[in-house]
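Undergrad: Got a structure for you, written out below as structure tokens; questions coming shortly.
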Amino acid sequence: MTITHYILLKLNEFVLLLNNYAYDGQAADDGSAKDLLSYVLMKLKEWFFAVWHFIEYLAGKIEEIFPPETRSKTLHRWLAVALPCLIGGLVLLLCFCCCKKCCCRGGRRSVRMMRAPGKEGVVIPRNVFARNPMLYFQNLRAGRPIEEIF
């Protein structure tokens, strides 16, 4: 028994279980919990039938692409072609991630800093000062601490 047949068997068991618990869908629409449960179970059943048909389709395509007689040889051929491509892609992805962390500082924009005018040895964010320099100087002349200004 292949894995696809096993999955289909388990899906079929679950659908039969849903059929046993689901109602016929002829609800009275009075908003009761029984109507809601019936609706949810019907939608679950529909969804599992869709998944079931999709898995059957995939199983058929796999059997078509990899017939049992030549499955081993075909998989080895595909692996010989795909493995170098996968390794190359992983190396490129690793290089990209490392460059992003080193060169872009983890993808975050760094805040540009400047020396605070009128305060010795204090560094402030440039964008805050550039946004409203007049307010900065008013607060500085009023004697407010630098933490309060920002």
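No value in this document is a laboratory result; all are computed from the given coordinates. Everything quoted here is computed from the prediction, not taken from an experiment. A quick note on method: Cβ atoms are made from the backbone with ideal geometry, for glycine too, and the neighbour counts reach across all protein chains shown.
Undergrad: Summing Lys, Arg as +1 and Asp, Glu as -1, what charge do residues with Cβ under 15 Å from the Cβ of Ala59 carry, Ala59 excluded? It would help to have the intermediate numbers written out before the result.
TA: Values: positive: Lys10, Lys61, Arg71; negative: Glu56, Glu63, Glu64.
That sum, taken over residues with Cβ under 15 Å, equals 0.
Undergrad: Would you please give the residues with an amide H less than 5 Å from that of Met114, counting only those at least 5 places away or on a separate chain, with H modeled from the backbone geometry?
TA: Under 5 Å from the amide H of Met114: Ile124, Arg126.
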